[in-house]
Amino acid sequence: MGDWDPAGAAATRRRRATLTAGRTASLQPVNGRSPAACDSSVTADVCANDGQRRRDRSVETVRPKTRSEKKKQRRNDLGDRMSCHKTQESLLTSTSGFNNYRGVLNWCVVMLVLSNARLFLENLLRYGVLVDPVQVISLFLNDPYSWPAACLVIVSNVFIVVALYTERQLSKGSFSELVGFLVHCINFALMLTFPAAVVLLVPSVTPVGGAFVLGSYTILFLKLYSYKDVNLWCRELSTVKAKKLSRSLSCPSAQTLNGGDRKVCYPGNLTIRDMYYFVFAPTLCYELNFPRSSTIRMSFLLRRLFEMLFFIQLLVGLTQQWMIPVIQSSMKPLEDMDLSRMTERLLRLAVPNHLLWLIFFYWFFHSSMNFTAELLRFGDRQFYKDWWNSETVTYFWQNWNIPVHKWCLRHFYKPLLRRGFSKIISQSAVFFLSAFFHEYLVSVPLRMFRLWAFTGMMAQLPLAWFVGNFLRGNYGNAAVWMSLIIGQPFAVLMYVHDYYVLHYREEAQ
C-alpha cells in the first residue's frame, strides 16, 4: 500500500463534488428546457449560464409594477367596463372616411359572373355552339382571290411617302409654305376619300374589312397631320432662332436621351426610319425625340402578347355565340314592335355590347398598345387614365382615350383658342370632329348614312352640361356609366334596324 496523501484526497473530493453538482444541474430544467438538452457537465454549465442570462434579461424587461401603476391600470379597467361607446360615424356614411370596399367589389364580380353564366348557359342550350373560326375569315374576305382591304392598307404607304417628300422639300426651300400646304391638303383629302370610295364601290369589301381599312386610314390621317404641324413649328423656330438652332426647342442642348439614343435636330428627323417609327408608334402626336425605354423586357412583352391572343379569341367567341344571335333576333322593323318589346330588345343588347366594349378596351388600350410600345421601346405608356371614376362626361372623354385626347388638345383645341375662339366653341368643334369620324367609320363600311353615330356624339354636349351642373359625385359617375351602357346599344339597335330594312325587308316580304 502506498503512502496516503491528504492533499490529493481533498482535491479528489472537490472534483467529485463538482461532477455531482453538474449532474444534478443537468437533471433540472433550465429556463423551460428538458434535462436531455444538457446531458454533459460542459453542456450543463453552458445551459446554466444561458438560463441565467435569460432570467437576467427577463428581470430587466419585466420589472414589477409600482403601486401607483397598478392603481392606474385598475381605474382604466373600470372605466372600460363602465363606458364602451364613443362618437363615430357608420362605415357606409360618406363622412366616415372609410373607403375599403374590396369585399363589395368581389361580391359584384361574383354576382356578375353568376348572372352571365346563367345567360351563357341559356344561350348554349338555345342556340348550341356557334363559334366558328372559319366564319371569322369570311368577315374580312368575300372572295378568297380578292383582297381589297389588304391592298388598301398597302397603298397607304403612298400617302406616307408623299408627306415625307413634301416636308423634305419644305426644309430645303424647294417648296414654298403655300405650295407645301396645298400638297398636304390634297394628300389629306385623298386619304379620307380614296379608301371610302373603294369601300363603297367595290362589292367584295366586307363591312368588317371596310371598318378596319377606314380605321387604319383615320389613324394615319391624324398622325400625318401632327407630323406636318410639328415640322412647321420647327421651321418657324429655325427662322426665329437661326443662329441658336442647336439650343432651340426643336433640339435641346443635351445630345443623348436616357436610353442612350442620340437626339435628333430638324431637319435630321426627315428620314424613312423616323417616319415609319412614328407610323407604328402607339401615339398620334409627333415629336422629334420620343421618350425611350432602355431595354425590351421580354417577360412583359410575352405577357402582353398572351393577353392579346387570349382576348381577341374571347372577343370573337363572345361575338359569335352571344352578340350575333341577339342582333339577329332584333332584326325587325320598329313599327312592328311596341314600346315594351323595343325596350326589351335594347336591354338584351346592352349587356353583351357593354361587356364586349370593356374587353375591347383592355385588349386594345392596354395589351396591344403596351405590346407595341415595349417592342419599339416607346417610353410614354399613358394610354388611358381612370375614366371609370368619371363624375362628368367631359372627364370621361378626356381620360378614356389619351392618344386621341392629346391630339385634339394639341392640334385642334388649342389652335382654335389661339385664333380667338371661345372655349365653348372650341369644345363643340372637337365634339363635331369626333362625331364626323364616328359616322365615317360606321356609315361608310355599312354603305348607309343614317347619322346615328354623329347624333350620339353631338348629344354628348348637352349631356355633359347637364351632368356637370346637376349631378355630382357618385350620381355623376352613375350617369356616365348609364350613358355608356344604354347609349351605345341604342345606336347599334338603330343601325341594325336600318340595315335590316335596307337589305332584308324586301326579301322577307
Task: Odd one out for N106 among (1) part of a helix (DSSP H, G or I); (2) in contact with a helix residue (DSSP H, G or I) (Cβ under 6 Å, 6 or more places away or on another chain) - done: (2)
- [ ] Identify all residues within the stretch 127-163 that are without any contact (Cβ under 8 Å) to a residue 60 or more places away in the chain and over 30 Å from the mean Cα position of the chain (by Cα); write none if there are none.
- [x] G128, V134, P144, Y145, S146, W147, C151, V155, V158, V161, V162
- [ ] Being closer than 21 Å to V208 by Cα and under 26 Å from the mean Cα position of the chain (by Cα) is the filter here, so list the residues in the stretch 414-453 that pass it.
- [x] S434, A435, F436, F437, H438, E439, Y440, L441, V442, A453
Task: Among the candidates F396, F383, residue that is open to solvent by less than 20 Å² (accessible area, probe 1.4 Å), hydrophobic (A, V, I, L, M, F, W, C), outside any helix (DSSP H, G or I) and closer than 27 Å to N474 by Cα - done: F383
- [ ] Kindly indicate which of F421, F432, F454, F449 is open to solvent by 90 Å² or more (accessible area, probe 1.4 Å) and in a helix (DSSP H, G or I).
- [x] F432
Task: Positions within the stretch 137-152 being in a helix (DSSP H, G or I), under 24 Å from I219 (Cα atoms) and either among the charged types (D, E, K, R) or open to solvent by less than 70 Å² (accessible area, probe 1.4 Å) (or both), in sequence order - done: P148, A149, A150, L152
TODO: Mind listing whichever residues of the stretch 183-224 are loosely packed, with under 15 Cβ neighbours inside 10 Å and not in a helix (DSSP H, G or I)?
DONE: P203, S204
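The values are calculated or read from the model by the stated rules, or taken from the named source; none is laboratory data. What you see is a predicted model, and the numbers here were worked out from it, not measured in a lab. Note that each Cβ is placed from the backbone with ideal geometry, even for glycine, and that neighbours are counted across all protein chains shown. Just so you know, the surface numbers come from the protein's heavy atoms only, side chains and all, with ligands and any DNA or RNA stripped out. Shrake-Rupley method; radii C 1.70, N 1.55, O 1.52, S 1.80 Å.
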